[in-house]
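Below: the structure, in structure tokens.
The values are calculated or read from the model by the stated rules, or taken from the named source; none is laboratory data. Model, not experiment: these values are computed from the prediction. To get the accessible areas, we keep the full protein, side chains included, count just its heavy atoms, and leave off ligands, DNA and RNA. Shrake-Rupley method; radii C 1.70, N 1.55, O 1.52, S 1.80 Å.
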Amino acid sequence: MMIPAKDSLDLGVIVGDIRASLNFYQNVLGLTFVEVVPLPFGTMHRLRFGTSDFKLIEPKKTPAKGVVDMYDQFGFRYVTFVVKNLSAICAELKKIDAEFVIPEKELRPGVRIAMVKDPDGNVVEFVERG
């Protein structure tokens, strides 16, 4: 059984265009820059959301692109950010013509969501509980 060292999960994402990904996650979504770390297989750009680290990895060798779809393969399919300002986030995403997988909507009473694709086509979910 694992004993947590902090109250959140971290995520590493291999990206195809580090500039586009940094712009999306840092400038559009507002994740905080922490550091750049050289790794044996590339460069990690560590961003933070709350207590979670969101690590964008710029690989030295570009990997083959896999299936990018919510339902066409097993495995992790999307990342979720629990937020307090869903409508404001969606307004900013519309300004940059982000592709919405699910536009802002009420999922069930007291829970609103939206899902978009990031620059690499990864699905990003936003949840607001009220």
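Things worth noting here:
- Rolling a 1.4 Å probe over the heavy atoms of the protein chains gives the stretch 18-130 an accessible area of 63 Å² per residue.
- Extent along the principal axes, Cα only, for the stretch 11-71: 31, 30, 19 Å, with the longest axis given first.
- Under the Karplus curve 6.51 cos²θ - 1.76 cosθ + 1.60, θ = phi - 60°, whole-Hz ³J(HN,Hα) for the stretch 82-96, x wherever Gly or Pro sits: 8, 10, 10, 9, 4, 4, 5, 4, 4, 4, 5, 5, 5, 4, 9
- Only one item in (i) 16.3; (ii) 14.8; (iii) 15.8 matches Kirkwood radius over Cα pairs in Å derived from the coordinates shown, and that item is (iii).
- The stretch 93-109 and the stretch 1-53: distance between their alpha carbon centers, rounded to Å: 23 Å
- Solvent-accessible area of the stretch 43-130 (1.4 angstrom probe, protein heavy atoms only): carbon and sulfur portion equals 53 percent.
- When shorter helices are ignored and each DSSP H run of at least 4 residues is given -39500 (n - 2.57), the per-residue value for the chain at 222 nm works out to -3000 deg cm²/dmol.
- Most mobile of Asp17, Asp72, Asp118 in a GNM of the chain (Cα contacts under 10 Å): Asp72
- Taking the DSSP bridge list for the chain and keeping only pairs wholly inside it, about 75 percent are antiparallel.
- Each Cα pair under 8 Å and six or more residues apart adds its separation to the average, and for the stretch 57-127 the resulting relative contact order is 32 percent.
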